[in-house]
1. So which of 38, 26, 15 ends up being more than 15 Å from residue 79 (Cα to Cα) and part of a loop (DSSP other than H, G, I, E, B)?
2. Just the residues that are within 25 Å of residue 148 (Cβ to Cβ) and without any contact (Cβ under 8 Å) to a residue 40 or more places away in the chain, please, taken from the range 42-73.
3. Which residue is nearest to residue 131 (Cα to Cα), if the candidates are limited to the range 41-59 and must be in a strand (DSSP E or B) and touching a helix residue (DSSP H, G or I) at 6+ places or on another chain (Cβ under 7 Å)?
4. Looking at (1) modelled with pLDDT of 95 or more; (2) under 24 Å from residue 22 (Cα atoms); (3) crowded, with 17+ Cβ neighbours inside 10 Å, which one does residue 144 not meet, given that it meets all the others?
5. Cβ-Cβ under 6 Å, sequence separation 6+ or interchain: first residue in the range 126-139 and on the phi > 0 side of the Ramachandran plot and touching a residue at least 12 places away in the same chain (Cβ under 8 Å), partner outside any loop (DSSP other than H, G, I, E, B) and surrounded by 11 or more Cβ atoms within 10 Å (Cβ to Cβ). Which pairs?
């Protein structure tokens, strides 16, 4: 898994995914600033996670994604998630305008040749969190769905 986390919420999601997968699979966690192109090679599944900032992944994640050559991920399965603020009535217009980062990251990865198997958003209650109630359970179910 390659991820970035600003306030710790994305990292909580990553750790939950790791807990679900590690019993049946070898799991490697890489903070985005430590990730290299070789981390995208010869993996059964790569999971990419980032907080959403104005509808996009973090700057560090964008830099990493831009380093990947076109076609480099051909035949590579990738799942993508983001952490985003929960949709409140007054936020709907802002979220509709900016969107979430996971679909954008998925589109970038598709252009690099990846087969995107799943795209998901997990929600936080405010800019700094905490995670919305039941998001850890939802994360477990999402992780389990990827190994069935």
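1. Of the residues listed, the single one that is more than 15 Å from residue 79 (Cα to Cα) and part of a loop (DSSP other than H, G, I, E, B) is 26.
2. 42, 43, 44
3. Going residue by residue through the range 41-59, those that are in a strand (DSSP E or B) are 46-51, 53, 56.
Add one more test, that the residue is touching a helix residue (DSSP H, G or I) at 6+ places or on another chain (Cβ under 7 Å), and what stays is 46-51, 56.
Numbers: 46: 23, 47: 19, 48: 18, 49: 15, 50: 14, 51: 12, 56: 19 Å.
In this case the residue turns out to be 51.
4. (3)
5. Between residues of the range 126-139 that are on the phi > 0 side of the Ramachandran plot and touching a residue at least 12 places away in the same chain (Cβ under 8 Å) and residues that are outside any loop (DSSP other than H, G, I, E, B) and surrounded by 11 or more Cβ atoms within 10 Å (Cβ to Cβ), the close pairs are 129/9.
Yes or no, residue by residue, for (1) in contact (Cβ under 8 Å) with a residue 12 or more places away in the chain; (2) assigned to a helix (DSSP H, G or I); (3) out of contact with any helix residue (DSSP H, G or I) (no Cβ under 7 Å at 6 or more places or on another chain); (4) under 14 Å from residue 12 (Cα atoms):
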| site | (1), (2), (3), (4) |
| --- | --- |
| 107 | no, yes, yes, no |
| 113 | yes, no, yes, no |
| 122 | yes, no, no, yes |
| 144 | yes, yes, no, no |
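The values are calculated or read from the model by the stated rules, or taken from the named source; none is laboratory data. Remember, predicted model here, so these are calculated numbers, not experimental data. Neighbour counts run over all protein chains shown; Cβ positions are idealised from the backbone, glycine included.
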